[in-house]
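Take a look at the structure set out below.
Quick note: the coordinates plus some simple rules give every number you see, no bench work behind them. Keep in mind the model is a prediction, meaning the values are calculated, not measured. Reconstructed Cβ throughout: ideal geometry from the backbone, glycine too, with neighbour counts over all protein chains shown.
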Amino acid sequence: MSLDVERVRAQFPSLESGTAHFDGPGGSQTPASVARAVADTLTSSIANRGTVTAAERRAEETVRLARAAMADLLDTDAGTVIFGRSMTALAMDMGRTLARTQRWGPGDEVVVTSLDHDGNIRPWTIAAEAVGATLRVAEMDPETGELPVQAVRAVLSDRTRLVAVTGASNLIGTRPDVEGIVRAAHDVGALVHVDAVHLAAHAAVSREDLGADLLSCSPYKFFGPHLGVMSGRADLLEQLRPDKLLPSSDAVPERFELGTLPYELLAGTCAAVDFLADLAPGEAGTRRGRLKASFAALEEHEDALRVRCEEGLRTIPGVQIWSRAADRTPTLLFTVDGVEPAAVHLHLADRRVNAPASHFYAWDLSHRLGLGPAGGVRVGMAPYTTAEEVDRLLEGVAELAARP
């Protein structure tokens, strides 16, 4: 089933400005249904969770529905869905918890990769350093943009306690063989945390199929509000003892959630998942089934636009494309010879084309590619992206590259 782009675009009030948004990898635009869910929850009769009053029950139901929605999106158990301020905050908390509960110490090892966003590097690095554990880095190949399974396997040992790897690079789009990496890590008895923040906006994610012990994402990357979500194996979460307030619930997943949950953001998250499930209307069955059908249509649409953009950029003299992996999301990073990435960003912005320039917190990756802190210009496709917008982007880049 193909994506009806005009139908999708009609649901995003922000697109009425005429701006072409290629900045989705940093945060997508928001459909009206999500905004309404947030506003309706904020203005409803609602209280702290409970079962006595209607307001208490509304809060309880809001949390239940949000956990169920994220469980469908990530193909995981709703009872393992943890909400937090951000993916980074959840990873920071989980790193400390794992190090303490599993008694990491000198001689133990933690593996991260140079393909990852710093949010999936620094939390585990800090946790390892705090207890004297050793950090090992699996290096991506800057020539191909790939992170081979062998690169991870080469730094594993029987002392590896955790491997942190991305499901897709937020900078260059590379989708490594996560299942292969998980198998390699499990072979030495290590846990695996998968950063699915970038991947979950573009492909159907299954924590179960990936074999991830822990997996995180951020709803604001797929049309929802700003917060973070983590899920994990139920038996693992039951073993972990995070820092928490004494009177707060010790049940999973509540024991990992600090303070009162933001009910309005949870309602918006549920609405975002429902929006995704409706991208390919007409599909019957479960929400998980509709999500898989929607993502199939979405991948077809976004990949066609990626190819159009990539082929167009290749015809422009002086443009270098850094997204080179065989399997990747519809995300391109490019630079223009002799032009600072920030200047490209500004030039395109003057033409109402939003394609920002940065390292985008993929700090290690940007340096490994030789781009340093300036990074490059990132172009991300979304369900609301059109071929005409891609052509506007290409015209703007060509105009700038042709300047003496």
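Data table
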quantity	calculated
Overall form of the chain per C-alpha gyration tensor (a/c, 1.5; a/b vs b/c)	oblate
Cα Rg, Dmax, the range 37-275, angstrom units	18.0, 61
Extended-chain gain in nm, criterion 0.36 nm per residue less alpha-carbon gap, residue 56 and residue 35	5.3 nm
Whole-Hz couplings from phi, Karplus 6.51/-1.76/1.60, listed for the range 208-220; x for Gly and Pro	4, 5, 5, x, 5, 6, 9, 8, 10, 7, 10, x, 6
At most 15 other Cβ within 10 Å, DSSP loop - GluC sites (Glu not before Pro), the range 134-201	143
Value of Rg/Rh across the range 348-404 [Cα atoms, Kirkwood radius]	1.04
Rounded to 5, the percent of DSSP beta bridges in the range 37-275 classed as antiparallel	30
Least to most buried among 124, 104 (fewest other Cβ within 10 Å first)	104, 124
Taking the range 37-275 and dividing mean pair separation by its residue count, relative contact order in percent (alpha carbons under 8 Å, at least six apart)	26
Label-point separation in nm, residue 186 to residue 367, each point 7 Å along Cα→Cβ	3.4
Relative contact order of the chain, defined on C-alpha pairs under 8 angstrom at six or more residues apart (%)	23
Relative contact order for the range 289-403, counting Cα pairs under 8 Å that sit 6 or more residues apart, in percent	30
3J(HN,Hα) from dihedral phi, the range 393-404, Karplus parametrisation 6.51/-1.76/1.60, rounded to Hz, x for glycine, proline	4, 4, 5, x, 5, 4, 4, 5, 5, 7, 5, x
